[in-house]
Amino acid sequence: MISQKTIQEIRETAKIEDVVGDYVTLKKRGVNLLGLCPFHNEKTPSFTVSPTKNIYKCFGCGESGGAIGFIMEHEGMTYPQALKHLAAKYNIEIDETKPSQEAIQERQTMDSLYLINEYAQKYFSSQLFDTQDGQSIGLSYFKERGFNEDTIKKFGLGYAPKGFKNFTDSGVKEGYKLELLKKAGVTSQKGFDFFRDRMMFVIHNLTGKVIGFGGRTLSSDKKVPKYINTPESEIYVKNKSLYGIYFAKTAIRRADECILVEGYTDVISLHQSGIENTVASSGTSLTVGQIGMIQRYTPNIKILYDGDPAGIKAAMRGLDMVLEQGMNVKVVLLPEGEDPDSYLKKTGADAFKKYISDNANDFILFKVNLLLEETQDDPVKKAGLITDIVGSISKVREPIKRSLYIKECAVRMGIDEQILISEVNKILYKTLRKKEQQKAAQQATDDAPPPHTAADAPPEEGLSPTGEVAPPKSRELTDEFQEKDIVRLIVEFGDRTLEGETTVAAFVLANIEEVMEEFDDDLCKQIVAEAYELLRHKNPVEPKYFLNHTDPRIPDLAITLTHTPHEYSPNWEDRLNNPMQTQVMPDKNYIRDAKEGVTRFKFKKVCRLCEKNQERMKIAQAEQRTEELLHLMKVHQKLVGLREELGIELGTVGVIR
C-alpha cells in the first residue's frame with residue numbers, strides 16, 4: 001500500500017497543466033488554459049484547466065477532477081496505478097507500507113498470472129508467424145477473413161499448435177511454474193495444453209494487460225466446441241470483461257456511443273475499417289459488470305444483431321437490465337443472413353456506417369414492433385405483449401422518457417394510454433415498496449426506526465401519472481442556490497482569514513449552526529458537517545481536503561462550485577488601465593461574500609422555519625391543544641422578528657415565498 005506521505009507528495013508535485021498537456025493541446029486564456037476535451041467529441045473548446053486550483057473541468061460533458069483523477073479516467077487506470085504513473089513522471093520515490101503476508105501472496109499470484117498470459121500471447125503469435133502450421137492454417141484463416149498484418153499484430157492474434165503439451169512444456173522450460181500455468185487457465189488441470197489447434201484471440205483489460213484468451217477451432221467435428229475461453233481466474237472474470245474494450249475506449253468517448261457486436265471477428269473487422277468504438281460481449285448476454293465498463297465512457301449503446309429473429313428475441317431478454325442501469329439503447333437489425341463482419345465486407349465502411357445510422361431503432365419501440373408481428377390478432381398473446389413491454393418501460397429511470405414511451409407504445413399497440421400508465425405504476429410501486437422494506441429491515445437491524453415514505457401511501461397518492469415518485473408538498477420549493485453558496489464559501493475560502501484569527505469556515509459555521517439541520521441537499525449537508533468536524537478537531541478547512549476527498553461526489557461538486565467557464569479579463573487593468581471600480585476582484589471579495597452569503601442562507605431557512613411553525617400552529621388549533629398553540633405563537637413571534645431583521649439587512653422589502 002502506498003503511504004499517505006507519498007500520496008501527498010504526488011498531489012503537491014503533480015501540476016495539472018503538465019499532466020493534461022501530455023494528452024491535450026492547451027492554449028492560454030486569462031489565468032486558465034483551454035483545449036478540446038479528451039473525454040467527448042467537440043469542435044469548440046470547453047475543457048478548462050486551472051493551474052492555480054490544480055484542477056480541470058469540461059463545461060461540455062461535465063468531467064472534472066485533479067491530476068490523479070485525469071490519469072485514472074483517460075488511461076483507465078486504478079488509483080494505485082495512476083499514483084505510480086505520476087510518481088514515475090515526477091521521479092518521486094514510492095514509499096509503500098508493508099502489506100500483510102496474505103496481501104503480498106495475492107499480489108504476487110496476480111502478477112504471475114499477468115506474466116504468464118503475456119508469455120502465452122507472445123508464444124501463440126510466434127507460432128502464427130514463424131511455424132509452417134501457423135502460417136498455413138492460422139495466418140491463412142485470418143487473412144481470408146480480410147485482416148491485414150498490422151491488425152493481426154495490434155490485436156495480438158495467434159495460433160495454438162496441435163499436440164498435447166507443446167505450450168506447457170515450453171512454459172515450464174522458460175521457468176513458469178506448472179501450478180501457475182494451470183491457475184492462469186492456459187494449461188488444463190491434468191497438465192495438458194488447454195488450447196490446441198485453434199485460432200487465438202487475446203482478451204485485454206482496460207489497461208491493456210492480457211487477462212485471457214478465446215480459441216476458435218476450424219474442425220468440422222460437431223462434438224468439438226467452435227469457441228472455448230480461458231477458465232475464470234483471479235484476473236479473468238467473463239461477465240466483467242468485454243472483448244476490444246482496451247482498443248475501443250477512446251473512440252467510445254469521442255463518439256459518445258458504444259457499438260456492441262457478438263463476436264471477436266466482428267470487432268476486429270469494424271476496427272480495421274475505422275469503426276473503433278466497437279466491443280463484443282463474447283457470446284454472452286450483457287451483464288451489470290460489462291454495462292458498468294461501457295458506462296465509464298458513454299451512456300449510449302447501439303447493438304448490432306444478425307438478421308435472425310429467433311436469435312434476436314433470445315438476446316433481447318437481458319436488455320431490460322441495460323435500461324435499468326440508465327443506458328440509452330438502440331438496436332440495428334442487419335439484413336437476413338448477414339453478420340457485422342460479412343455485411344461490412346459486402347458494403348464497405350461508408351455504406352455500413354450509413355446503414356447502422358439509418359436503421360438504428362430505439363430498443364423498446366423495436367421490441368414492440370417485433371412482438372406485434374407475433375401477436376397479430378391473438379388477444380392472449382397481446383396481453384403477454386403488454387406485460388412484456390410494461391416491464392421494459394418500468395426499467396427506464398427518467399420519468400419524462402418513460403412518459404414518452406407510454407404514449408408511443410399505446411399508439412403502436414392500439415390500446416388506451418391509461419392502461420399502460422396504470423400497469424407501469426403498479427410495477428414501480430411494487431419495486432419502491434420492496435426497496436423500502438429492504439431499507440426498513442436493514443434499519444431495524446441497526447436499531448433505527450424505518451422511515452415514512454411514499455411507499456406507505458396508496459399508489460395514486462405516492463406516484464405521479466407517469467410513475468415517478470411525487471415529492472412531498474412541503475419540499476416543492478428548495479433553497480438549493482443558498483445551500484450550494486454556503487458550500488462554495490466553505491470549500492473555496494474556508495481557510496482564509498476573515499476578522500482577526502477567525503476563518504471564513506469558522507464564521508460561516510458559527511452563524512448557521514442553529515439551522516444546519518435545515519439543509520435539503522444531503523451532499524451539501526455532508527460537506528458542511530465534515531467542515532464542522534474539521535474545525536472541532538482544530539484542523540484547517542482547506543480546498544484540497546474537498547478536492548481530494550475519497551467520496552467522488554464531493555470533489556465533483558467542489559470543482560463545479562469553484563470553477564467557472566467565465567473569468568475577468570486581466571486586460572482591463574494590464575492594458576487598458578481600467579480596474580474594477582465598485583468592488584475588488586472576485587477571489588479577493590470573500591469577506592463581503594461570506595457575510596452576505598450567510599445572511600441570505602439564514603433568511604431563507606428562517607422563512608422555512610416560519611412556514612413549518614405556521615403548519616404546526618394550524619394543527620394545534622384544529623386539535624384544540626391550547627398550551628402547545630400558545631408556545632408555538634411565541635416561537636412564531638421570534639421567528640418573524642428574526643426574519644424581518646435579516647430582510648432589512650439584505651435590503652428586502654416584505655417577504656415573498
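FYI, it's all coordinate maths here, none of it is from the lab. Since we're looking at a predicted model, the values are computed, not measured. Cβ atoms come from the backbone with ideal geometry, glycine included; neighbour counts cover every protein chain shown.
Tabulated data
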| item | result |
| --- | --- |
| Where GluC sites (Glu not before Pro) fall in DSSP loop in segment 325-392, at most 12 other Cβ within 10 Å | Glu336 |
| Peptide ranges 267-280, 600-613 listed from the most packed, as the mean C-beta count within 10 angstrom indicates | 267-280, 600-613 |
| Under-5 Å amide H pairs with Arg198, H placed in peptide plane, nonlocal only | Ala160 |
| Residues with amide H under 5 Å from that of Ile55, placed H, sequence gap 5 or more | Ser50 |
| Global form of segment 25-184, assessed from the alpha-carbon gyration tensor, a/c cut-off 1.5 | oblate |
| Derived scalar couplings ³J(HN,Hα) [segment 191-204; Karplus, 6.51 cos²θ - 1.76 cosθ + 1.60; whole Hz; x for Gly, Pro] | x, 9, 4, 6, 10, 9, 6, 9, 7, 9, 10, 9, 9, 10 |
| Residues whose placed amide H lies under 5 Å from that of Ile203, excluding near-sequence neighbours | Ile211, Gly212, Phe213, Gly214 |
| Per-peptide average of other Cβ atoms within 10 Å, ordering 212-218, 319-325, 531-537 highest first | 212-218, 319-325, 531-537 |
| Cα-based Rg of segment 245-413 normalised by 2.2 N^0.38 Å, two decimals | 1.04 |
| Cubic angstrom per residue, convex hull over Cα atoms of segment 4-89 | 88 |
| Per-residue ³J(HN,Hα) for segment 289-302, Karplus 6.51 cos²θ - 1.76 cosθ + 1.60, θ = phi - 60°, Hz, x for Gly and Pro | x, 5, 4, x, 5, 5, 4, 4, 10, 6, x, 10, 10, 10 |
| Förster radius 41 Å - calculated FRET efficiency between Lys538 and Ala88, Cβ distance, rounded to 0.05 | 0.65 |
| Ordering of 123-131, 411-419 by packing [mean C-beta count within 10 Å, highest first] | 123-131, 411-419 |
| Taking the convex hull of Cα positions in segment 106-223, its mean projected area over all directions (nm²) | 8.1 |
| Sparse-neighbourhood loop sites, GluC sites (Glu not before Pro) in segment 86-139 - DSSP loop, at most 13 other Cβ within 10 angstrom | Glu93 |
| Karplus (6.51, -1.76, 1.60) ³J(HN,Hα), θ = phi - 60°, over segment 392-402, in Hz, Gly and Pro reported as x | 5, 4, 5, 7, 5, 6, 6, x, 5, 5, 4 |
